[in-house]
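Novice: Quick one: the structure is below, questions incoming.
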Amino acid sequence: KQWYQRRVRGPLMAGATRIIDRFSTYLVDCDGVLWSNNQAIPGASKTIKTLISNPDKRVIFITNNCGRTVSNIQHTLDTLLDVPNVPSRDIITSGSATAIYLKNKMDVKSEKVYLIAQEAFSETLTDFGISHFGLGPNPFKPHKEWRDFEVDPSVKYVIVSLDRDFSHAKLTQAYLYITENNAEYLAPDVDRFFSCGPGRKIPGTHSLQAGLTSLVEKAPKVIGKPNRFIFDILEEEYGKTGARGKHATNIVMNPYWITISPYSALIP
């Protein structure tokens, strides 16, 4: 899809008027767009309220942050932006998108997922009925323990996301499942950096995936945006239920820029 980038001059709403008039469905990013470091970005609340107050508009919130559940996003929209009661079906995280991918592909009765991630991602997989393990610390193991380590043949998927307990043992275990089980290697996102404030960024999810990617000599299947799969989920969902209007736009808003990516094929 062609991307358009336009400079906003003056108030955000003035710059966004023709975009609001043109489209009926909006795919809105969250972190760094609606809020940053638990503070609402100026103009975001007013813009979202304007969109959702219009019965001819629909707003779908999308985030690559799989470290937050859908209910947590709902709470943040309510408390930071004063936008309450957002339906859960109008929020999709890279974690919930990954869960949908697994639910549609794996045998949930006999197959398992080795998960390198945070607790919120684990909660999301549990909500979808997906058997998984790997949460929490995994202490260092000497070579002789790895020699006797039994690779569970039911582990058919390995997911690597941000994990504050990431360790050599977790890396090794993921490597063994992929190389000896031919487990599918998945990544909710491959963000290289996270912003932690003006002028500073820190290593993102990609920093945890890079070593494993090098070892197994193949890149993970990436589920989150801007990859197509997360939009395929939206196309299937809203193609079935119907959305108001003929066009959708992926709109990224902040006080300085509006970035638009039209997804004309998304809504029939």
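The values are calculated or read from the model by the stated rules, or taken from the named source; none is laboratory data. Owing to the predicted nature of the structure, the values given are computational and were not obtained by experimental measurement. All Cβ positions, glycine included, derive from the backbone under ideal geometry; neighbour counts span all protein chains shown. All accessible areas refer to the heavy atoms of the entire protein, side chains included, with ligands and DNA or RNA removed. Shrake-Rupley method; radii C 1.70, N 1.55, O 1.52, S 1.80 Å.
Novice: Only one of these is of a type in the set (Ser, Thr, Tyr), outside any strand (DSSP E or B) and surrounded by 20 or more Cβ atoms within 10 Å (Cβ to Cβ): 79, 50, 124. Name it.
Specialist: The unique qualifying residue is 124.
Novice: Residues to consider are 92, 73, 100; find the one that is within 29 Å of residue 206 (Cα to Cα), aliphatic (A, V, I, L, M), at pLDDT 90 or above and outside any helix (DSSP H, G or I). First the steps, then the outcome.
Specialist: Values: 73 fails: outside any helix (DSSP H, G or I); 100 fails: outside any helix (DSSP H, G or I).
Selected residue: 92, the only one of 92, 73, 100 that is within 29 Å of residue 206 (Cα to Cα), aliphatic (A, V, I, L, M), at pLDDT 90 or above and outside any helix (DSSP H, G or I).
Novice: Quick one: would you say residue 113 is β-branched (Val, Ile, Thr), part of a strand (DSSP E or B) and without any contact (Cβ under 8 Å) to a residue 60 or more places away in the chain?
Specialist: Considered against the rule, which asks whether it is β-branched (Val, Ile, Thr), part of a strand (DSSP E or B) and without any contact (Cβ under 8 Å) to a residue 60 or more places away in the chain, residue 113 comes out as yes.
Novice: Also, quick follow-up: Checking the structure you have, find out if any residue of the stretch 163-170 is open to solvent by 10 Å² or more (accessible area, probe 1.4 Å), of a type in the set (Lys, Arg), under 16 Å from residue 121 (Cα atoms) and modelled with pLDDT under 95.
Specialist: yes
Novice: Kindly provide the set of residues from the stretch 197-223 that are at pLDDT below 90 and open to solvent by less than 60 Å² (accessible area, probe 1.4 Å), ordered by number.
Specialist: Hit for the stretch 197-223 is 197, nothing else.
Novice: Determine which member of the set 94, 53, 45 is under 17 Å from the mean Cα position of the chain (by Cα) and of a type in the set (Gly, Ala, Ser).
Specialist: Residue meeting the stated conditions: 94.
Novice: Scan the stretch 4-42 residue by residue and report those that are modelled with pLDDT of 70 or more, open to solvent by 60 Å² or more (accessible area, probe 1.4 Å), outside any strand (DSSP E or B) and not charged (D, E, K, R).
Specialist: Result: 37, 38, 42.
Novice: Would you be able to tell me the number of residues in the stretch 103-121 that are open to solvent by 10 Å² or more (accessible area, probe 1.4 Å) and either modelled with pLDDT under 95 or more than 30 Å from residue 46 (Cβ to Cβ) (or both)? Show your work before the answer.
Specialist: First pass over the stretch 103-121, keeping only residues open to solvent by 10 Å² or more (accessible area, probe 1.4 Å): 103-112, 118-120.
Among the residues that remain, those that are also either modelled with pLDDT under 95 or more than 30 Å from residue 46 (Cβ to Cβ) (or both) are: 103-112, 118-119.
Final tally of qualifying residues: 12.
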